[in-house]
Amino acid sequence: MTSPDTPDAPHLAALRPRLPSPVREVVDGRFECHGVRLVLKRDDLIHPELIGNKWRKLAPSLAAAAGRTVVTFGGAYSNHLRATAAAGRLLGVPTVGVVRGEELAGRPLNPSLTRCTADGMRLHFVDRATYRRKCEPRTLAAILRAADAEQAYVVPEGGSNAEAVRGCRALGTELHGRADVVAVACGTGGTLAGLAAGLAPGQRALGVPVLKGGFLAADIRALQQHAFGGPRGTWSLDDRFHLGGYARVPDELGAFAADFEHRHGLPVERLYVAKLLYGLVTLAGEGAFPRGTTVAAVITGRPFP
Ligand SMILES: *Cc1c(COP(=O)(O)O)cnc(C)c1O
């Protein structure tokens, strides 16, 4: 059907993604004064509705699903659920979203879940204990049965299956010769795992986890093992910039993001991209990048709504 290097099935190509995504240099004194160049890899411009790394991650799964219902998982504000719902509508693929938190059923939907249903996604709420065990085969089977989605194609939470990781290699290859360090915010780490594999020798990837935990390096090794059969590329994580954990946006971060928007005219997504940029400004200030380094920041998404 499709090779791992060209995951877009013809019907996906019909959506005319802007690939390779644009690279734009920004002039920012906080980098300049250390002799560092900053460029933005604008994955947020790949598609008006299926933005950023979610395009790279979902396109291969949607091709593999071959028209079957796609079922996936997420929290009440999940970018991944919204992207899957939008992709389903654009491609005419039915989607089911399994949402963490039984107590949300029967309450008015938040704006993120409202968007999911507007895009035709059927929502199925499960309690948190069940949600935590969703990767166990018996629990998964029970969830699919209860959601009336037993024949569906299952995409994991955050979308990081082997196809998604292989799909993100192209992010790395598009940056050959463009940067020395490529930095990306990490949720599941699937994007970083693929990006690192796609970079050229001499380039390295830097991940900024937005969740508290410290378990991510092992997850990324497992994702690369699963997708490629072993470790690929040069990458590291800096765990200092989660700012309290997932979806925590302290005032300091909000102010930083607003200032960055003002300086560069870039809408800054708060849950991931703001933490990445905050981390990079901090690292530059610490002298972490040798003079002459070009750093590419991957703009993986844009603010919702
Ligand atoms: C989902 C998402 C990420 C994280 O991607 P992973 O592959 O799960 O690490 C980063 N940025 C944005 C804007 C996202 O929506």
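The values are calculated or read from the model by the stated rules, or taken from the named source; none is laboratory data. Worth saying up front: this structure is predicted, and the values here are computed from it rather than measured. As a convention, Cβ positions derive from the backbone with ideal geometry for all residues, glycine included, and neighbour counts pool all protein chains shown. Accessible surface is based on the protein model in full, side chains and every heavy atom, while ligands, DNA and RNA are left aside. Shrake-Rupley method; radii C 1.70, N 1.55, O 1.52, S 1.80 Å.
Let me have the relative contact order for region 69-151, percent, based on Cα pairs under 8 Å that are six or more residues apart. Spell out each step's value before the answer.
Numbers: 115 pairs, mean separation 25.6, N = 83.
Relative CO of region 69-151 lands at 31 percent.
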Self-check item: Cα pair distances in region 130-182, grouped into 10 Å bins until the bin that holds the longest one, percent each
Solution: 20, 34, 21, 15, 10
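What does the charge count around A217 come to, taking other residues whose C-beta lies under 15 Å from its C-beta (Lys +1, Arg +1, Asp -1, Glu -1)? Don't skip to the end; give the middle numbers.
Working: positive: R204, K212, R221, R232, R240; negative: D219, D238, D239.
Every neighbour counted, the sum reads +2.
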Exercise. Counting helices only, and only those DSSP H runs with n ≥ 4, report the 222 nm mean residue ellipticity of the chain as the sum of -39,500 (n - 2.57) divided by its residues, in deg cm²/dmol to the nearest 500.
Key: -11000 deg cm²/dmol
Quiz prompt | Rounded tilt (10° steps) of 53-65 against the dominant C-alpha axis of the chain | solution = 30 degrees
Quiz item: Long-range amide H contacts for A296: which residues qualify at under 5 Å (H placed 1.01 Å from N, peptide plane, sequence gap of 5 or more or a different chain)?
Solution: V39, D180, V181, V182, A183
Quiz item: Radius of gyration and Dmax for the chain's Cα atoms, expressed in Å?
Solution: 18.8, 58
Quiz prompt | Area of H11 that stays accessible when all protein chains are in place (1.4 Å probe, Å², to 10) | solution = 80 Å²
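For a test of the definition: using alpha carbon positions, the gyration tensor, and the 1.5 limit on a/c, classify region 27-108 as rounded, prolate or oblate. Spell out each step's value before the answer.
On the way: a/c = 3.53, a/b = 1.80, b/c = 1.96.
Here region 27-108 falls in the oblate category.
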Quiz item: In the Gaussian network model of the chain, springs joining C-alpha atoms below 10 Å, which of Y272, Y153, Y246 carries the largest mean-square fluctuation?
Solution: Y246
Quiz item: For A118 and T282 in one chain, what is 0.36 nm times their gap in residues minus the Cα-Cα distance, to one decimal in nm?
Solution: 55.1 nm
Practice problem: Sum up the charges of everything whose Cβ sits under 15 Å from the Cβ of P156, counting Lys and Arg as +1 and Asp and Glu as -1, but leave P156 out. | Solution: +3
Quiz item: So what's the convex hull volume per residue for the Cα atoms of region 69-151, in Å³?
Solution: 81 Å³
Practice problem: Could you list the residues of region 257-276 with an amide nitrogen less than 18 Å from a label point located 7 Å from the Cα of E32 in the Cα-to-C-beta direction? | Solution: 259-266
Quiz prompt | C-alpha long axis of helix 79-91 to longest principal axis of the chain, angle in ° | solution = 70 degrees
Quiz item: For helix 137-146, what angle does its Cα long axis make with the longest principal axis of the chain, in degrees from 0 to 90 and rounded to 10?
Solution: 60 degrees
Quiz item: Among H226, H242, H264, which one moves the most in a GNM of the chain with springs linking Cα atoms closer than 10 Å?
Solution: H264
Exercise. Lys and Arg at +1, Asp and Glu at -1: add these up for the other residues within a Cβ distance under 11 Å of V208 and post the number.
Key: 0
